[in-house]
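Only one structure is covered here, and it is reproduced in the block below.
The values are calculated or read from the model by the stated rules, or taken from the named source; none is laboratory data. Treat the numbers as computed from the prediction; the structure is a model and nothing was measured. When we count neighbours, we look across all protein chains shown, and the Cβ atoms used for this are built from the backbone with ideal geometry, even at glycine. SASA here: full protein model, heavy atoms, side chains in, ligands and nucleic acids out. Shrake-Rupley method; radii C 1.70, N 1.55, O 1.52, S 1.80 Å.
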Amino acid sequence: MSDSFRAGLRALPDFPGDLPSFDPSVGPKDPAELFRQWLSGALAAGVRQPHAFSLATADASGHVSSRMLILKDIDDDGGWQFASSRTSRKGGELAENPNAAMNFYWPELGRQIRVAGAVVELSADASAADWDARPASDGRPNPAWQLYALMPREMEFWQARADRHHIRHRVVF
Ligand SMILES: Cc1cc2nc3c(=O)[nH]c(=O)nc-3n(C[C@H](O)[C@H](O)[C@H](O)COP(=O)(O)O)c2cc1C
């Protein structure tokens, strides 16, 4: 690429100066609760779509793909719910290889949250209820719509710091 493009990338702004603090030894021990707390903070800070995350999946050969999705819930069984069509690329990959990784990133707060684990398909009833609850729903069913739940095997909370001693809080289940 051209020197000016590279120089332009280098010149882009870094994290904001007024980053929140994070001490993993203080606050909720339950990572899902900590996520809810961080999500509230993101909403209060005006982060747009803080419930959007990238989901990485892989096919049976290990070829990886990722895309943005919306978090639907963290359920009582500990599942991080998202929904999509079973006929999509991600649907096919999850059928072949039911493992995935989520990544939330909130630049305004210098925060990243990674969640990885096995993915299970939730019931047809739960999937239909999710389809009907979409803002664009016209009442017609979509049998291909699937509600999934990622069951975390590991999580990492990452907080940027102005002194670049960034904080990583890893949880293995
Ligand atoms: C912010 C954002 C949120 C999205 N949310 C969803 C979602 O919840 N479910 C979905 O199927 N696609 C969603 N999409 C579209 C996906 O990113 C993707 O384009 C689509 O699901 C096809 O992906 P695939 O071909 O890898 O299966 C969203 C896109 C963006 C940018």
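Some observations on this one:
- Scope the stretch 143-159; condition open to solvent by less than 50 Å² (accessible area, probe 1.4 Å) and within 18 Å of the chain's Cα centre (by Cα); matching residues: Gln146, Leu147, Tyr148, Ala149, Leu150, Pro152, Met155, Glu156, Phe157, Trp158, Gln159
Yes/no matrix, rows are residues, columns are (1) open to solvent by less than 50 Å² (accessible area, probe 1.4 Å); (2) over 16 Å from the mean Cα position of the chain (by Cα):
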position	(1), (2)
Ala95	no, yes
Leu109	yes, no
Pro141	no, yes
Arg170	no, no
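- Sole residue being open to solvent by 30 Å² or more (accessible area, probe 1.4 Å), closer than 24 Å to Gln159 by Cβ and either of a type in the set (Gly, Ala, Ser) or away from the ligand (no atom under 16 Å from the Cβ) (or both), chosen from Ala116, Ala101, Ala60: Ala101
Quick grid of which residues meet (1) under 18 Å from Trp158 (Cβ atoms); (2) in contact with an Asp or Glu (Cβ under 9 Å, 6 or more places away or on another chain); (3) within 16 Å of the ligand (Cβ to nearest atom):
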residue: Pro16; (1), (2), (3): yes, yes, no
residue: Pro24; (1), (2), (3): yes, no, no
residue: Leu34; (1), (2), (3): yes, no, no
residue: Leu43; (1), (2), (3): no, no, yes
residue: Ser54; (1), (2), (3): yes, no, yes
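- Top-ranked residue of the stretch 63-86 - restricted to ones that are exposed (fewer than 14 other Cβ atoms within 10 Å of the Cβ) and part of a loop (DSSP other than H, G, I, E, B), ranked as nearest to the ligand (Cβ to nearest atom): His63
- From the options Arg6, Arg48, Arg10, Arg86, residue that is within 20 Å of Tyr148 (Cα to Cα) and basic (Lys, Arg): Arg86
- Cβ-Cβ under 8 Å pairs, at least 6 apart or on other chains, the stretch 21-34 side more than 16 Å from Arg161 (Cβ to Cβ) and free of Cβ contacts under 8 Å to residues at least 24 places away in the same chain, far side among the basic types (Lys, Arg) and not in a loop (DSSP other than H, G, I, E, B): none
- Output for the stretch 5-25, where each listed residue is open to solvent by 90 Å² or more (accessible area, probe 1.4 Å) and hydroxyl-bearing (Ser, Thr, Tyr): Ser21
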